[in-house]
Amino acid sequence: EVFMKAIHKFYQKSWQERLAILAQSQLLSDDEIKLFQVNGHQAELFDSLIENYVTDYSLPQGLATNYVIDGHEYLIPMVTEEPSVVAASSNGAGLVKRAGGFQSHITERLMVGQVVLEKVAEPAKLKATILAQEADFLACANEAHPSIVKRGGGARFLEVRILSESEGLLSLDLAVDVQEAMGANMLNTMLEALAQKIRQELGQEVLMAILSNYAVHSLVTVTCEIEPKLLAKGELSGEEVAQKIALASHVAQLDPSRAATHNKGIMNGIDAVVLASGNDWRAIEAGAHAYASRDGQYRGLSQWNYQDGKLHGSLTLPMPVGSVGGSIGVIPLVKANHQLLQIKDAKQLATVIVAVGLGQNLAALKALVTDGIQKGHMHLQLKTLAVKVGATQSEVTSLVAQMEKAGKRDENSARQLLAQIRE
Ligand code: NDP
């Protein structure tokens, strides 16, 4: 009860006060409380980023190698807690590098948001009224955020969709050139200005105004072509592996059960780079899965075809990432990661991220149709298990070797083998 009282208006406390309250709460041991203590300078920074801030939560960052995209080779920071993601990514990219690298294609980069109108008596009539005033609406949006116009961006076009004639629901979609930002806040400001205009001038009720994460005007495509001889594995010829990869890709088009896992593998790579680049991975996830369902059935996001003696890979995704804005200018490591990536703008960052998705996918599919996923994974999983049972850095290698030799993967055996090593 004392604790509940102390936690009242937690958000008004300083982060040091919040820690002191936690320490008194008896929910945590002294050792656990120590885990919450962080560098004061960073804490102040992060306290300004989120609410009720108490500590930093860190995740491992690795660098994927071998990525050659449009003729440039990149070192790609990836943040993930999952073993084998960085290794598989570098491996997939290595194959593509030997085949000449990835190519990217972007036709447009606009962010879209919507003003949803409710209780619309005559949707078709209102649609026509709004479309007739498109120029006026675009000017209103630009006035709400004039600095983007000075940067060469701004509102570009309007669309109106009747969501339900009988329920009187209509969506006004605004497309904006957000230049180097992801643009969520910019869009939201513009959309609220439009909502206000609609209420005042058209006397129409507005349900909400918000950016859409279904960013189909920010599509990025990355492709690659691989000669089968690079794919040979064990007893399987390169042609056989290429055909099996193409078939696996087809299965992900047919079957949502497989498509979800196929896409999860793609997002293993994508999320890790989006996170390292300081972008909003929830936004990218939401857009990716919505795009995977664009024809009404959830399908694999990538396509692999074996044609004319080559394996052709292609991945298209909404990739509305920014090179400025959000936490990008705030978190110091994010700035360093942009420096590592050596990207010149948001479009280039988007191509790198989609290429990682395709590289990740290739590595996963190749493993699945040849050795199976566990072989490559197991070594890294065993390392995690070794750490979990308390192996020190110097003991991990020998414990993993012992476990592999004994063919054991469970925690009990790991403990026993560690005890034997220590005897
Ligand atoms: P910011 O609000 O940080 O806006 C970016 C700002 O950067 C611009 O307003 C602009 O300000 C400035 N800027 C400087 N240089 C440039 C340039 N070359 N091009 C464009 N802008 C530039 O971020 P975003 O609007 O991008 O929004 C991203 C954030 O919104 C993320 O943190 C995301 O998590 C969050 N968000 C996401 C939502 C969603 O996905 N549904 C919903 C709401 C928020 P100025 O022109 O004034 O100098």
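Bear in mind that the values in this text are calculations on the coordinates, not laboratory data. Given the structure is predicted, the values throughout are model-derived calculations rather than measurements. Here the Cβ positions follow ideal geometry from the backbone for every residue, glycine too, while neighbour counts run over all protein chains shown.
Here are the numbers:
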{"quantity": "Which of Asp371, Asp30 has the fewest Cβ neighbours within 10 Å, and the rest in rising order", "calculated": "Asp30, Asp371"}
{"quantity": "Relative counts (whole %) of C-alpha pair distances in the stretch 136-279, using bins that are 5 Å wide", "calculated": "2, 7, 12, 14, 13, 10, 11, 9, 8, 6, 4, 3, 1, 0, 0"}
{"quantity": "Among Gly101, Gly372, Gly313, residue whose mean-square fluctuation peaks in a GNM of the chain (springs only between Cα atoms under 10 Å)", "calculated": "Gly372"}
{"quantity": "Whole-Å semi-axes of the stretch 195-303's equivalent ellipsoid (Cα gyration tensor)", "calculated": "40, 16, 12"}
{"quantity": "Most to least packed among 256-262, 296-302, 271-277, 355-361 [average Cβ atoms within 10 Å]", "calculated": "355-361, 271-277, 296-302, 256-262"}
{"quantity": "Derived scalar couplings ³J(HN,Hα) [the stretch 407-419; Karplus, 6.51 cos²θ - 1.76 cosθ + 1.60; whole Hz; x for Gly, Pro]", "calculated": "x, 10, 10, 9, 5, 4, 4, 4, 4, 4, 5, 5, 4"}
{"quantity": "Rg/Rg_ref, the stretch 1-103, where Rg_ref = 2.2 N^0.38 Å and atoms are Cα", "calculated": "1.67"}
{"quantity": "Value of Rg to Rh for the stretch 128-219 (Rh from inverse mean 1/r over Cα pairs, i.e. Kirkwood)", "calculated": "0.95"}
{"quantity": "Compactness index (Cα Rg / 2.2 N^0.38 Å), the chain", "calculated": "1.17"}
{"quantity": "Per-residue [θ]222 nm for the chain (sum of -39500 (n - 2.57) over DSSP H runs n ≥ 4, rounded to 500)", "calculated": "-16000 deg cm²/dmol"}
{"quantity": "Isotropically averaged projected area of the stretch 363-423, using the convex hull of Cα atoms (one quarter of hull area), nm²", "calculated": "4.3"}
{"quantity": "Exposure proxy order (Cβ contacts within 10 Å, fewest to most) of Thr384, Thr223", "calculated": "Thr384, Thr223"}
{"quantity": "Magnitude of the charge dipole, the stretch 146-263, Cβ model with Lys/Arg +1 and Asp/Glu -1, debye to 20", "calculated": "320"}
{"quantity": "Over the chain, relative contact order from alpha-carbon pairs under 8 Å, at least 6 apart, %", "calculated": "17"}
{"quantity": "Acute angle (nearest 10 degrees) that the helix 373-388 long axis makes with the longest principal axis of the chain, alpha-carbon atoms", "calculated": "80"}
{"quantity": "The stretch 14-133, dipole about Cα centre (Lys/Arg Cβ +1, Asp/Glu Cβ -1), debye to the nearest 20", "calculated": "740"}
{"quantity": "Nearest-20 debye value, the chain charge dipole, Cβ charges on Lys, Arg, Asp, Glu", "calculated": "700"}
{"quantity": "Nearest-ten-degree value, helix 134-144 long axis tilted from longest Cα axis of the chain", "calculated": "60"}
{"quantity": "Within a Gaussian network of the chain (alpha carbon springs, distance under 10 Å), most fluctuating of Glu159, Glu118, Glu32", "calculated": "Glu32"}
{"quantity": "Those lysines that a straight Cα-Cα span of less than 23 Å connects to Lys244, excepting residues fewer than 8 apart in one chain", "calculated": "Lys97, Lys229, Lys233, Lys264, Lys310, Lys366, Lys375"}
{"quantity": "Quotient of C-alpha Rg and 2.2 N^0.38 Å, computed over the stretch 237-362", "calculated": "1.15"}
{"quantity": "Volume per residue of the C-alpha convex hull in the stretch 301-423, rounded to whole Å³", "calculated": "180"}
{"quantity": "Nearest 10 degrees, 0 to 90: helix 281-292 Cα axis against the chain principal axis", "calculated": "80"}
{"quantity": "Of Val160, Ala139, Val178, farthest towards positive along the dipole that unit charges on Lys, Arg, Asp, Glu beta carbons give the stretch 135-182", "calculated": "Val178"}
{"quantity": "Partners for Lys13 among lysines (Cα-Cα distance below 26 Å; same-chain residues under 8 apart left out)", "calculated": "Lys5, Lys34"}
{"quantity": "Where only C-alpha atoms are counted, convex hull volume of the stretch 172-234 per residue in Å³", "calculated": "144"}
{"quantity": "Quarter of the Cα convex hull surface for the stretch 62-167, i.e. its orientation-mean projected area (nm²)", "calculated": "11.9"}
